[in-house]
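First up is the structure itself, then whatever we jot down about it.
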Amino acid sequence: MRVVVTGAAGFIGSHLVDRLLEDGHDVVGIDCFTDYYSRTDKEANLVSALVQPRFELVEADLRSAELEPVLDGADAIVNQAATPGLVLSWDDFERYQSCNLGALQRLVAAAMAVGTPHLVQASTSSVYGAEATGPESSPAHPVSPYGVTKLAAEQLLHAYGSTAGLPFTVLRYFSVYGPRQRPDMAYRIFCEQLLDGRPITVYGDGRQSRSNTYVSDCVDATVAALHRAPDASTFNIGGGAEVVLLNAVEVLAAELGTAPVIEHQPARRGDQRRTSADTAKARDLLGWEPKVAPEEGLGAEAAWVSDRRGGR
Ligand SMILES: NC(=O)c1ccc[n+]([C@@H]2O[C@H](COP(=O)([O-])OP(=O)(O)OC[C@H]3O[C@@H](n4cnc5c(N)ncnc54)[C@H](O)[C@@H]3O)[C@@H](O)[C@H]2O)c1
């Protein structure tokens, strides 16, 4: 297959690129290296892909680039490009709606002009709202502008699907973690704070929980979706265990050989309270189940953060 991966230099996108290359596919990565976090980090994510002859990187912004020549000949597109995270979405909505919705509209229009390859959309448990605990048919009431743009993106695909036959699949990822995790994400920040000997900043009481998804499980699910005939389905993609935030801190601290000092701050507007992924549909229709247990995954992330800083 020839697969176009947008957001290829990002956390999840770069792992997906590596897997698709390993599996023998031709991969075209698109990324414009937004300044949401450092370009150096994103370049490091692509180090192994860039030496592969079956990988091509196109540095382009989905909001403005001519996309048809890049998509021409693709069997599938995975749209990982987005402005992620919810905190900034209250203050810079333009960036969220243009990267998460406007860019997708341009991608879809270009895809339809070159023969409508299967589009797999990276969506999020944030579309559900403060609690994400039920099946895919649960009501979607996002509590952050980020979640609103991601839900609107899903709806845009349904509009193109039902009126113009766009073949697509939506994957709602639940808090993905592991090596290369974005520097604004909680476990990455906790590891850096622990290694610096600084207090851990916990927003709220620390009893919030997450169905954290280890990045290789997230990639497995995405590959499974690519291989399934598209029928406009939506799938929850989440880890098999619900992890309470304070317990995750304990595991990370033990892995890094430090004792955490917790500093509580007020809960942030738009933060989810509880996510517990119901992945029965993905199990039944994608033949996918998460494999990596929280202790193993958190250990791998802590070891990666430590290694990239030159060891403990
Ligand atoms: N990381 C998670 O826990 C998580 C959870 C749920 C959903 N998601 C979704 O998964 C996807 C990937 O997330 P991530 O954590 O890897 O984020 P990331 O920021 O690491 O990767 C996104 C990449 O997209 C690129 N990009 C953004 N706008 C672009 C544009 N207009 N044109 C070209 N490239 C652009 C960025 O430069 C970046 O490299 C996103 O769609 C996100 O909403 C992530």
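Is it the case that VAL27 is over 21 Å from TYR177 (Cβ atoms), within 12 Å of the ligand (Cβ to nearest atom) and either assigned to a helix (DSSP H, G or I) or in contact (Cβ under 8 Å) with a residue 12 or more places away in the chain (or both)? When the stated conditions are applied, VAL27 does not pass them. Selection over segment 176-209 of residues that are modelled with pLDDT of 95 or more and of a type in the set (S, T, N, Q) gives a count of 2.
GLY147: at positive phi and buried (at least 18 other Cβ atoms within 10 Å of the Cβ), yes or no? Break it down stepwise before answering.
Values: at positive phi: no; buried (at least 18 other Cβ atoms within 10 Å of the Cβ): yes.
Judged against the criteria, GLY147 is not a match.
Residue selection: THR34 fails the criterion of being of a type in the set (S, T, N, Q) and assigned to a helix (DSSP H, G or I).
For segment 212-232, does any single residue satisfy the condition of being on the phi > 0 side of the Ramachandran plot and modelled with pLDDT of 95 or more? Talk me through it step by step, then tell me what you get.
From segment 212-232, those on the phi > 0 side of the Ramachandran plot are 232; that's our starting set.
Next, only the ones that are modelled with pLDDT of 95 or more stay: 232.
Yes, segment 212-232 has at least one match.
Filtered by the rule that a residue be farther than 17 Å from TYR96 by Cα and surrounded by fewer than 22 Cβ atoms within 10 Å (Cβ to Cβ), segment 130-144 gives ALA130, GLU131, THR133, GLY134, PRO135, GLU136, SER137, SER138, PRO139, ALA140, HIS141. The numbered conditions (1) over 26 Å from VAL215 (Cβ atoms); (2) at pLDDT below 95 are all true for SER162 except (2). Contact map, segment 85-114: residues that are under 15 Å from TYR37 (Cβ atoms) paired with residues that are near the ligand (Cβ under 10 Å from one of its atoms) and hydrophobic (A, V, I, L, M, F, W, C), Cβ distance under 6 Å, separation 6+ or inter-chain. Pairs shown: CYS99/ALA82.
Which members of segment 2-15 meet the condition of being within 9 Å of the ligand (Cβ to nearest atom), in contact (Cβ under 8 Å) with a residue 60 or more places away in the chain and either assigned to a loop (DSSP other than H, G, I, E, B) or crowded, with 24+ Cβ neighbours inside 10 Å (or both)? Hits for segment 2-15 are THR6, GLY7, ALA8, GLY10, PHE11, ILE12, GLY13, SER14. If only residues of segment 19-60 that are of a type in the set (D, E, K, R) and buried (at least 19 other Cβ atoms within 10 Å of the Cβ) are counted, the one that is farthest from TYR187 (Cα to Cα) is ASP31. Of the residues making up segment 226-254, just one is more than 16 Å from THR213 (Cα to Cα), under 18 Å from the mean Cα position of the chain (by Cα) and of a type outside the set (S, T, N, Q), namely LEU226.
Looking at this structure, is GLU22 free of Cβ contacts under 8 Å to residues at least 24 places away in the same chain, away from the ligand (no atom under 14 Å from the Cβ) and farther than 24 Å from GLY85 by Cβ? Considered against the rule, which asks whether it is free of Cβ contacts under 8 Å to residues at least 24 places away in the same chain, away from the ligand (no atom under 14 Å from the Cβ) and farther than 24 Å from GLY85 by Cβ, GLU22 comes out as yes.
The values are calculated or read from the model by the stated rules, or taken from the named source; none is laboratory data. Note that this is a predicted model, so its numbers are computed, not measured. Note that we place each Cβ from the backbone using ideal geometry, even for glycine, and neighbour counts take in every protein chain shown.
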